[in-house]
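Here is the structure we will look at, set down as structure tokens.
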Amino acid sequence: MKVAVIGTGYVGLVTGACLAELGHRVTCMDSDTGKISVLRAGGMPIYEEGLAEMVARNVAEGRLTFTDRLEEALGGTEFVFLAVGTPSRSDGSADLSMIMDAAEEVASAMDSPLVIVQKSTCPVGTAAEIERTVSRTLAGRGAPISFAVAVNPEFLREGSAVRDFMQPDRVVVGADDREVARRVGGLYEKIVPPEKIQYMDRASAELTKYAANAFLATKISFINEIANLCEAVGADVEAVRRGMGSDPRIGPSFLAAGIGYGGSCFPKDVKALIRIGQEYKQALQILEAVHQVNRRQRIRQVEKVLRHFTGSAMAKGGSLAGKRIALWGLAFKPGTDDIRDAPSLDVVKRLKTYGAEVVAYDPVAMPYVAEMLGDQVNLAPDALSCVESAHALVLITEWPEFLDADLVEAAGRMCDPVLFDFRNGFDPETAVRAGFQYYAVGRTTVRSKWSAVRLGQAQEVGQCAFL
Ligand code: UDX
């Protein structure tokens, strides 16, 4: 099949490359000429595991091309995927201007029948709106070309997007016409047997994507509230997670307590779904709480740093002055260079308002942070230089290189070896043995006493704050 993909961000580029890998002839189009030049020159505008190799292979084998000209992308194509951004507006609703502009441009340029596939995450009713826009534009041109609009949401996690595409849990296709649905589903026939494709109406497909992300975000905020309760009652959230998650009705995934979710999807999609509920006068109260808990979780972690140094979580201006705080990780999660709505950004800003000096290291995300935060943060060349003479080390993104780091060496280089583990990535005993005073999320003295007694190291309990 011949396919055009509009938008070469995370979703568009992965979709284009993977469809080419499945044997389709794909043209990826982006109006950002800089991005297209990079791609044509064999470079990658984003970091995504396995993507560069897949792009290179499919370009070399002649199935994948890039252009900044829509007419070129549409020439002879049967499907056009719209994979442009739908960012949050200030009121939380999804900004649809890019996808509606793209639909209008496609309608202005198309000269043969086309299936338009809405890949971007869009509120219920967007596919119908795209259909009206395309009809209107074609009518204005006096061009009675047949077309259909289908919805095919993505469930791609950054960092494992290529694998998620090639080995999907499910493929959802929303269409009002059975034949159109079957044709879109057919694009995936090499990886999903036809009976496994979930066909549904367009509104349900649009809502499925939001509901899936909102539910995963709910699991995260739920476990973070339980973690906060663990801190208050003296329980260990990691034990609670194991205990809960081994019930197959619950499952352990997306129950890792920490500083909360970030990225380009969960924060945006939760807010957009709340807005959709408001629009239809169906308040989504659980999601309001999910969003609030997630915001609060970031603040709460920085307060732990403040309380450690000042004895108070409400210290007024300048109370971290003279303290050098080292951050390990800036990306919103490991395996990506994406810092959109990353907890690290809030941590840096808050630490700065308290007068701290902030130094950070991330294996791939530093150029973006330098662009966004400029002189608010010093960037270190590697993990160990980052902690040099620091008064505290904060783990924000659980990259394997941090979890495998030599903690004894790290502690030795610091002024004051205290470790704030905002992802519960380290084993508390290992951290304490390395010489750290150790704070985690939702892990309490219960575990530390138990460990200490078991190991006959009662003395360490006194040195260690498991909060
Ligand atoms: C998400 C969805 O998983 C994917 O299906 C969708 O299509 C796009 O949005 P992504 O944003 O790439 O993917 O990341 P994901 O792995 O889902 O993690 C989102 C955030 O939740 C990250 O900040 C991560 O650190 C956090 N998280 C995840 C937790 O805090 N705890 C967990 O247990 C899991």
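The values are calculated or read from the model by the stated rules, or taken from the named source; none is laboratory data. These numbers come from a predicted model, not from an experiment. Counting neighbours? That spans all protein chains shown, and the Cβs are built from the backbone with ideal geometry, glycine included.
Here are the numbers for the structure shown:
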quantity	calculated
The stretch 153-169, subset more than 11 Å from the chain's Cα centre (by Cα) and charged (D, E, K, R), residue surrounded by the fewest Cβ atoms within 10 Å (Cβ to Cβ)	Asp169
Failed criterion for Val162 (all others in (1) away from the ligand (no atom under 16 Å from the Cβ); (2) touching a Cys at 6+ places or on another chain (Cβ under 7 Å) hold)	(1)
Test for Val180: is it farther than 30 Å from Glu49 by Cβ and either within 25 Å of the chain's Cα centre (by Cα) or in contact (Cβ under 8 Å) with a residue 60 or more places away in the chain (or both)	yes
Residues of the stretch 1-46 satisfying the condition of being surrounded by fewer than 19 Cβ atoms within 10 Å (Cβ to Cβ) and among the acidic types (Asp, Glu)	Asp32
Members of the stretch 229-244 found to be closer than 26 Å to Leu273 by Cβ and buried (at least 18 other Cβ atoms within 10 Å of the Cβ), listed by number	Arg241
Number of the exception - Gly23 against (1) free of Cβ contacts under 8 Å to residues at least 60 places away in the same chain; (2) part of a loop (DSSP other than H, G, I, E, B)	(1)
Residues that are over 24 Å from the mean Cα position of the chain (by Cα) and within 22 Å of Arg298 (Cα to Cα), drawn from the stretch 387-405	Val387, Ala390, His391, Ala392
Long-range neighbours under 8 Å by Cβ, at least six apart or interchain, first residue within 18 Å of Asn213 (Cβ to Cβ) within the stretch 278-297, second of a type in the set (Asp, Glu)	Val293/Glu225
Subset of the stretch 192-224 that is near the ligand (Cβ under 10 Å from one of its atoms) and of a type outside the set (A, V, I, L, M) - its residue that is surrounded by the fewest Cβ atoms within 10 Å (Cβ to Cβ)	Lys219
Criterion violated by Leu187 - all others in (1) within 16 Å of the ligand (Cβ to nearest atom); (2) crowded, with 18+ Cβ neighbours inside 10 Å satisfied	(1)
Residues within the stretch 264-316 that are in a loop (DSSP other than H, G, I, E, B), modelled with pLDDT of 95 or more and basic (Lys, Arg), tallied	1
Residues of the stretch 171-191 that turn out to be out of contact with any helix residue (DSSP H, G or I) (no Cβ under 8 Å at 6 or more places or on another chain) and aliphatic (A, V, I, L, M), as a count	3
Failed criterion for Asp406 (all others in (1) without any contact (Cβ under 8 Å) to a residue 40 or more places away in the chain; (2) within 16 Å of the ligand (Cβ to nearest atom) hold)	(2)
Residue check for Ala73: within 16 Å of the ligand (Cβ to nearest atom) and either touching a strand residue (DSSP E or B) at 6+ places or on another chain (Cβ under 8 Å) or within 21 Å of Gly185 (Cα to Cα) (or both)	no
Residues being over 19 Å from Ala4 (Cβ atoms) and in contact with a helix residue (DSSP H, G or I) (Cβ under 6 Å, 6 or more places away or on another chain) - total across the stretch 100-145	3
Index of the failed condition, Ser319 passing every other in (1) within 16 Å of the ligand (Cβ to nearest atom); (2) touching a helix residue (DSSP H, G or I) at 6+ places or on another chain (Cβ under 6 Å); (3) not in a helix (DSSP H, G or I)	(1)
Where a residue in the stretch 113-142 is away from the ligand (no atom under 16 Å from the Cβ) and its partner, wherever it lies, is of a type in the set (Ser, Thr, Tyr), with Cβ under 8 Å and at least six apart	Pro113/Ser146; Leu114/Thr77; Thr137/Ser108; Arg141/Ser108
